[in-house]
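Report on the structure given below.
The values are calculated or read from the model by the stated rules, or taken from the named source; none is laboratory data. In this text the structure is predicted, and so the values were computed from the model without any measurement. Neighbour counts run over all protein chains shown; Cβ positions are idealised from the backbone, glycine included. In case anyone asks, the SASA skips ligands and DNA or RNA and just uses the protein heavy atoms, side chains included. Shrake-Rupley method; radii C 1.70, N 1.55, O 1.52, S 1.80 Å.
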Amino acid sequence: MFGWTSRQRNVAIASFLSWTLDAFDFFILVFLLSDIATAFHVDIKEVTLAILLTLAVRPIGALVFGRAAEKYGRKPVLMVNIACFSVFELCTAAAPSLTVFLILRVIYGVAMGGVWGVASSLAMETIPDRSRGMMSGIFQAGYPFGYLLAAVVYGLFSEMVGWRGMFVIGAVPIFLLPFIWFKVQESPVWLAARERKESTALLPVLKSHWKLCVYLVVLMAAFNFFSHGTQDLYPSFLKVQHGFDAHTVSLIAIGYTIASIIGGIFFGTLSEKIGRKKAIIIAALLSLPVIPLWAFSSGTWTIGLGAFLMQFMVQGAWGVVPSYLTELVPANTRAVLPGFVYQLGNLLASVNATLQAGIAESHGHNYGLAMAIVAGTVAIVISVLVAFGRDTRGKAITGAINNQRTDQPAKV
């Protein structure tokens, strides 16, 4: 595959599936908001607190698991991480009340927060430098692919097993562990750094590169508003505002999730040719003319087309993010800092679902209006922020293990 070695292929598969199954467990919830609200006799807005809380605590997981990965290696920490979020997902199925349900989602959120940084560093430090843009798109496509799996499973099994059974199915990621144990090798960059006994202290990096860190947190907050603002309440938008049944919702979700995967890989690969900045800006700005079709049209075909085009652009911009963050940060912080700033951005964006639900309810349950306001605003914000950043295309990582001058953090 792409001229990669078996070691590189296995790492790519494991990293992709780790992020896919993590996203699958998260997105099961967004398809079940109305069902859970009915079960616990509350409105949807109260249940969306679970999304807010899950996103809000993810920085803790990114910090804890990321620091562990810098110290003990990417592979063993990734395995522990997967085991944790799988177990907590299973526990969610037994929640006797909304309060317990929310507590379990908080614990799950901590475990979920560690996967992106650890898995992306393992992939980006193993894949050849020339393929990093493409691998970035493939890896990030795991997120919408997890959404796709959730949509398919929801459409096929939700009526059969109920919302609790859906969370039981969410424990499936634990079966990925044998593959990682037997087939995946440790990051060669981390192994080389360990031999050189490089420092993995995070605080000095935060102090010396605080401007970069602040910039990345703000950028990732905008990115997370972009993705969650166009995804989390979309199933509710389809069910509540348009009255579509579970089967129709599932089909539309499958369609726009396939677009997400294609968009991420397309723009990730494109970034190797035109640069990271241009690829992100083009994808973000192209989402703007799609908003009327995506949020204000009617009928399954027109809404489905709008959703397809919107997620092609949204996840297209996201497809560049793993490589961009990896290239921007210092070499000895790739397992912790990209994931940490990503999840801090998630923390700032964790109010999205509750915010959008509040806007929708105050405008006659108009979810389309709420989503359009958020999507349009952050698309412009992302374009402006990225325009002020520095392009990192062509930076050596795996091919410059012993060349420190080519592996320094980029400046904003």
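Quick one: how many residues across region 346-380 are modelled with pLDDT under 90, within 30 Å of SER121 (Cα to Cα) and either open to solvent by 30 Å² or more (accessible area, probe 1.4 Å) or in a helix (DSSP H, G or I) (or both)?
7
Identify the residue in region 312-338 that is out of contact with any Ser or Thr (no Cβ under 7 Å at 6 or more places or on another chain) and more than 17 Å from GLY264 (Cα to Cα) and, among all such residues, is surrounded by the fewest Cβ atoms within 10 Å (Cβ to Cβ).
Looking at residues that are out of contact with any Ser or Thr (no Cβ under 7 Å at 6 or more places or on another chain) and more than 17 Å from GLY264 (Cα to Cα), I get PRO330.
Scan (1) within 19 Å of SER236 (Cα to Cα); (2) among the hydroxyl-bearing types (Ser, Thr, Tyr); (3) at pLDDT 90 or above for the single condition SER86 breaks and write down its number.
Result: SER86 passes all but (1).
Look at region 282-311 and say how many of its residues are part of a helix (DSSP H, G or I) and open to solvent by 40 Å² or more (accessible area, probe 1.4 Å).
Going through region 282-311 one residue at a time, the tally reaches 14.
I need the full set of residues from region 157-180 which are touching a residue at least 12 places away in the same chain (Cβ under 8 Å) and more than 21 Å from MET112 (Cβ to Cβ), in order please.
Residues satisfying the conditions are PHE157, SER158, GLU159, GLY162.
Within region 223-249, restricting attention to residues that are over 16 Å from GLY345 (Cα atoms) and of a type in the set (Phe, Trp, Tyr), which residue is surrounded by the fewest Cβ atoms within 10 Å (Cβ to Cβ)?
Among them, the one singled out is PHE244.
Would you say LEU270 is under 21 Å from GLY368 (Cβ atoms) and open to solvent by 30 Å² or more (accessible area, probe 1.4 Å)?
For LEU270, the condition - under 21 Å from GLY368 (Cβ atoms) and open to solvent by 30 Å² or more (accessible area, probe 1.4 Å) - is not met.
Kindly provide the set of residues from region 167-184 that are part of a helix (DSSP H, G or I), open to solvent by less than 20 Å² (accessible area, probe 1.4 Å) and closer than 22 Å to LEU122 by Cα, ordered by number.
PRO173, LEU176, ILE180
From (1) more than 23 Å from the chain's Cα centre (by Cα); (2) buried (at least 17 other Cβ atoms within 10 Å of the Cβ); (3) of a type in the set (S, T, N, Q), pick out the condition that doesn't hold for SER131.
Just one mismatch for SER131, condition (1).
Search region 134-153 for residues being open to solvent by less than 10 Å² (accessible area, probe 1.4 Å) and of a type in the set (Phe, Trp, Tyr), and hand back the single one that is modelled with the lowest pLDDT.
TYR147
With respect to VAL118, determine if the residue is open to solvent by 10 Å² or more (accessible area, probe 1.4 Å), under 17 Å from the mean Cα position of the chain (by Cα) and touching a residue at least 12 places away in the same chain (Cβ under 8 Å).
no
Out of the residues in region 185-202 meeting the condition of being outside any loop (DSSP other than H, G, I, E, B) and surrounded by 17 or more Cβ atoms within 10 Å (Cβ to Cβ), tell me which one is modelled with the lowest pLDDT.
ALA193
Determine the pairs where a residue that is within 26 Å of GLN185 (Cα to Cα), located within region 47-76, has a partner that is among the polar types (S, T, N, Q) and open to solvent by 30 Å² or more (accessible area, probe 1.4 Å) with Cβ atoms under 9 Å apart, the partner being 6 or more residues away or on another chain.
ARG67/THR200; GLU70/THR200; GLU70/ASN332; LYS71/THR200; LYS75/GLN185
Looking for something among the β-branched types (Val, Ile, Thr), more than 21 Å from SER120 (Cα to Cα) and out of contact with any His (no Cβ under 8 Å at 6 or more places or on another chain) - is there at least one such residue anywhere in region 227-248?
Yes, region 227-248 has at least one match.
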